[in-house]
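Okay, structure first, notes after.
The values are calculated or read from the model by the stated rules, or taken from the named source; none is laboratory data. As the structure is a computational prediction, the values presented were derived from the model and not from experiment. Methodologically, a virtual Cβ is constructed for each residue, glycine included, from the backbone with ideal geometry; neighbour enumeration extends over all protein chains shown.
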Amino acid sequence: MRLQKLIWVLWPSFIAAGAAEALFFTVFDPEELPFFGTIVGASRIATYSVGFFLFWAFAAFSSSLTCFFQRGSDEINRCPLPPTARPLGCPKRSDENASCR
Amino acid sequence: MDTPVKSNNGATLPETAEQTLYEVRKKIYPRAVRGKFAAWRWTFVLLTQLVFYGAPWLSWNDRQAVLFDLVSRKFYIFGLVFWPQDIVYLTVLLIICAYSLFLFTAVAGRLWCGFACPQTVYTEVFMWIERRIEGDRPARMKLDRQPLSPRKFGLKAAKHGVWIALALWTGFTFVGYFTPIHVLWREVMTLHTGSWETFWVLFYGFATYGNAGWMREQVCKYMCPYARFQSVMFDPDTLIITYDPDRGEPRGSRGRSVDYKAKGLGDCVDCGICVQACPTGLDIRNGLQYECIGCAACIDGCNQVMDKMGYPQGLIRYSTEKAMQGHYSAERIVKRVFRPRVLVYTAILWLIIVVSAVTLYERVPLKVDVIRDRGNVMHGSDDPEVQNVYRLQIMNTQEVARDVRISVAGVDGIKLEAEAQPIRVPATSSRVVAVRVEAPRASLKDRSNRIHFTVEAADPSHPGTAPLTVVEKAALVIP
Ligand code: SF4
Ligand code: SF4
């Protein structure tokens, strides 16, 4: 489940970053981009690459927020411990979907 | 794990089911099949890969024929040179691709997925390597059940070794589309590749290895956007891969010589070959499912069985929803391919292709942008002459040098002052030329007056040919 969520976050943001990268750098030449008043000194390839990872990071941030807000109430309320790890005597030891209420 | 794992269709899988990248996934061991569609797929694999691996090595005009040169911000495709300003052509290309996909999907479902998609193509190649080294389905399953032994280790190491080598070559080729491949090759040979180039070779190589070696059908099932929306482009006349239940049911095993019709059996011998051949592990006999990538491996597999049994081929075949219901003949199915929807799609597609080809052919390989230098107007308000300064960006988009002459008109007595003309603009490059324009105040009617620059660019290597001419408007402003 963890891994699945990771892919849900990383993969759509990768596609979005690709599109953003293509559009952005078609319009703006990295050698003419002002960076706090000066020109980015790095080579174009480096700027393109760093730009891509920045786009990816932003898109991934958005995707992870989506994932985060998407959780239903039972997912939030659910006991974080798997049934067998709950303390002996817990009345909900056998209930996989037990919530904390 | 103390409870048996549930698969997504509710069936309980045995404990050997592994938790892999996406969900509880039973490893799929596709069985190799031979037949018409397998041959078609291999044809496409070879064609697409010949183009992919070969194209960056071709030359044209003493440069790489196909090069998306990110460093100099120019895309070269044989005789054509594209500048960032030409992004409209990229957009048109994307529209054409999307439209073709719609068209093919409406006609015959997921043709793209089954035959041309890189995911399919690389998976096919990687599976071929796997088969060569580890053997076909039963041998692979047996090998995976065995405990680790020197032989198993050797086979696995060999497989992953070849996979990784191919993946790295793919990554190298990919980067070779964006940075000159001959230079890159020399850098690789002397171990002097730039750090970003190395990074992208490894990144793309790793993606190829992961997607074609490990993820396989999971990419199609969970990651591909097209797989999710392709069904909206289907209609009841779309050719899809279908099992013929009327002919096949009731299924059941039987001997070759048995008169199965007398026993009340259909043509399906329930051998399960169609399921074993399927790269996504589907049983097509349960009807069309979104996981089906339309690869037709089940058709080939079943046809092999039908041949062995001496039954006619085509228990699983390309057919349409309507054809199955109405028992259409083959001619009727073909006739339905040319239905209004398909004809309209085709017409629009051709229209876009022709219009864009004509505009591409007609485009003038000289672009001029005029910017008036606002800070540089003369301020003496009783001066009899008004002066404006402009910067002309002249882009020579072709691969020949040009000799450029600039003139100005639009107002009586207008004069132009610039560096010595003609101005040489080298091949595929741009130059900014500053010019000063002067006009008598008496001939200016408004505060802002329309003037135009004429830029003529001659080809010095062909003195006889007519120069390219571009006219750009500008405003002459009284300060
Ligand atoms: S059901 Fe048949 S066509 Fe569909 S993916 Fe499986 S083998 Fe390919
Ligand atoms: S391959 Fe053909 S005969 Fe064998 S189970 Fe599948 S549909 Fe039936």
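Can you tell me which residue is farthest from A:Ala46 (Cα to Cα) among those in the stretch B:183-204 that are away from every other protein chain (no Cβ under 14 Å) and assigned to a helix (DSSP H, G or I)? Filtering first and then ranking leaves B:Met189.
If you go through the stretch B:284-302 and keep only what is near ligand 2 (Cβ under 8 Å from one of its atoms) and more than 27 Å from the chain's Cα centre (by Cα), you end up with B:Ile284, B:Arg285, B:Gly301, B:Cys302.
Note on the stretch A:68-99: residues that are part of a helix (DSSP H, G or I) and either without any contact (Cβ under 8 Å) to a residue 12 or more places away in the chain or within 14 Å of chain B (Cβ to nearest Cβ) (or both) total 9. Within the stretch B:322-334, is there a residue that is within 16 Å of ligand 1 (Cβ to nearest atom), away from chain A (no Cβ under 14 Å) and at pLDDT below 90? The answer is yes; a qualifying residue exists. Every test in (1) crowded, with 16+ Cβ neighbours inside 10 Å; (2) closer than 21 Å to B:Arg363 by Cβ; (3) of a type outside the set (D, E, K, R); (4) in contact (Cβ under 8 Å) with a residue 40 or more places away in the chain is passed by B:His452 save one, and that test is (1). Mind listing whichever residues of the stretch B:161-184 are surrounded by 15 or more Cβ atoms within 10 Å (Cβ to Cβ) and farther than 28 Å from B:Ile77 by Cα? Those that are surrounded by 15 or more Cβ atoms within 10 Å (Cβ to Cβ) and farther than 28 Å from B:Ile77 by Cα: B:Val162, B:Trp163, B:Ile164. Remark: B:Val364 matches the filter, which requires a residue to be touching a residue at least 60 places away in the same chain (Cβ under 8 Å) and surrounded by fewer than 17 Cβ atoms within 10 Å (Cβ to Cβ).
Taking the criterion of being without any contact (Cβ under 8 Å) to a residue 12 or more places away in the chain and crowded, with 16+ Cβ neighbours inside 10 Å, the only residue of the stretch B:314-361 that qualifies is B:Tyr328. The number of residues in the stretch A:6-35 being within 11 Å of chain B (Cβ to nearest Cβ) and in contact (Cβ under 8 Å) with a residue 40 or more places away in the chain comes to 4. May I ask you to list the residues in the stretch B:27-74 that are among the charged types (D, E, K, R), surrounded by 15 or more Cβ atoms within 10 Å (Cβ to Cβ) and under 22 Å from B:Glu217 (Cβ atoms)? If the condition is that a residue be among the charged types (D, E, K, R), surrounded by 15 or more Cβ atoms within 10 Å (Cβ to Cβ) and under 22 Å from B:Glu217 (Cβ atoms), then B:Arg31, B:Arg41 are the ones that fit.
Restricting B:Thr359, B:Thr320 to residues that are under 16 Å from B:Ile241 (Cβ atoms) and polar (S, T, N, Q) narrows the list to B:Thr320. In this structure, is B:Phe37 closer than 30 Å to B:Gln313 by Cβ and either in a loop (DSSP other than H, G, I, E, B) or more than 19 Å from the chain's Cα centre (by Cα) (or both)? In short, yes.
Here B:Ala457 does not fit the description of being within 38 Å of the chain's Cα centre (by Cα) and in a loop (DSSP other than H, G, I, E, B). Anything in the stretch A:17-30 that is buried (at least 17 other Cβ atoms within 10 Å of the Cβ) and of a type outside the set (Phe, Trp, Tyr)? List them, or say none. Correct list: A:Ala17, A:Ala20, A:Glu21, A:Pro30.
Hey, any hits in the stretch B:318-336 for a residue that's aromatic (Phe, Trp, Tyr) and in a helix (DSSP H, G or I)? No - not one qualifying residue is present in the stretch B:318-336. The sole residue among B:Ile316, B:Ile293, B:Ile352 that is more than 14 Å from every other protein chain (Cβ to nearest Cβ), touching a Gly at 6+ places or on another chain (Cβ under 6 Å) and either among the aliphatic types (A, V, I, L, M) or more than 16 Å from ligand 1 (Cβ to nearest atom) (or both) is B:Ile293.
Do we have any residue at all in the stretch B:242-251 that's more than 23 Å from A:Leu10 (Cβ to Cβ), modelled with pLDDT under 85, out of contact with any Gly (no Cβ under 6 Å at 6 or more places or on another chain) and away from chain A (no Cβ under 14 Å)? Looking for residues that are more than 23 Å from A:Leu10 (Cβ to Cβ), modelled with pLDDT under 85, out of contact with any Gly (no Cβ under 6 Å at 6 or more places or on another chain) and away from chain A (no Cβ under 14 Å), one finds none in the stretch B:242-251, hence no. For B:Leu288, the conditions (1) touching a residue at least 40 places away in the same chain (Cβ under 8 Å); (2) part of a helix (DSSP H, G or I) all hold with the exception of (2). If you check A:Leu65, A:Leu54 for being in a helix (DSSP H, G or I), away from chain B (no Cβ under 14 Å) and exposed (fewer than 12 other Cβ atoms within 10 Å of the Cβ), only one passes: A:Leu65. Filtering B:Ala167, B:Ala212, B:Ala227, B:Ala207 for residues that are within 12 Å of chain A (Cβ to nearest Cβ) and in a helix (DSSP H, G or I) leaves a single hit, B:Ala207. Among the conditions (1) in contact with an Asp or Glu (Cβ under 9 Å, 6 or more places away or on another chain); (2) more than 30 Å from B:Val81 (Cβ to Cβ), the only one that B:Arg391 does not satisfy is (2). For the stretch B:397-407, the criterion of being surrounded by fewer than 17 Cβ atoms within 10 Å (Cβ to Cβ), modelled with pLDDT under 90 and assigned to a strand (DSSP E or B) is met by no residue. Is there a residue in the stretch B:85-94 that is within 14 Å of another protein chain (Cβ to nearest Cβ), under 23 Å from B:Ser429 (Cα atoms) and not in a helix (DSSP H, G or I)? The answer is no, given that none of the residues of the stretch B:85-94 is within 14 Å of another protein chain (Cβ to nearest Cβ), under 23 Å from B:Ser429 (Cα atoms) and not in a helix (DSSP H, G or I).
Among all positions in the stretch B:442-454, there is no residue which is in the same structural domain as B:Thr469 (by TED's automatic domain parsing), among the hydroxyl-bearing types (Ser, Thr, Tyr), under 30 Å from B:Gly79 (Cα atoms) and in a loop (DSSP other than H, G, I, E, B). Residue check: B:Tyr226 meets all listed conditions (1) assigned by TED's automatic domain parsing to the domain that holds B:Pro30; (2) within 16 Å of ligand 2 (Cβ to nearest atom) but one, namely (2). Residues that are exposed (fewer than 14 other Cβ atoms within 10 Å of the Cβ) and away from ligand 1 (no atom under 16 Å from the Cβ) within the stretch B:255-286 comprise B:Gly255, B:Arg256, B:Ser257, B:Val258, B:Asp259, B:Lys261, B:Ala262, B:Lys263, B:Gly264, listed in sequence order.
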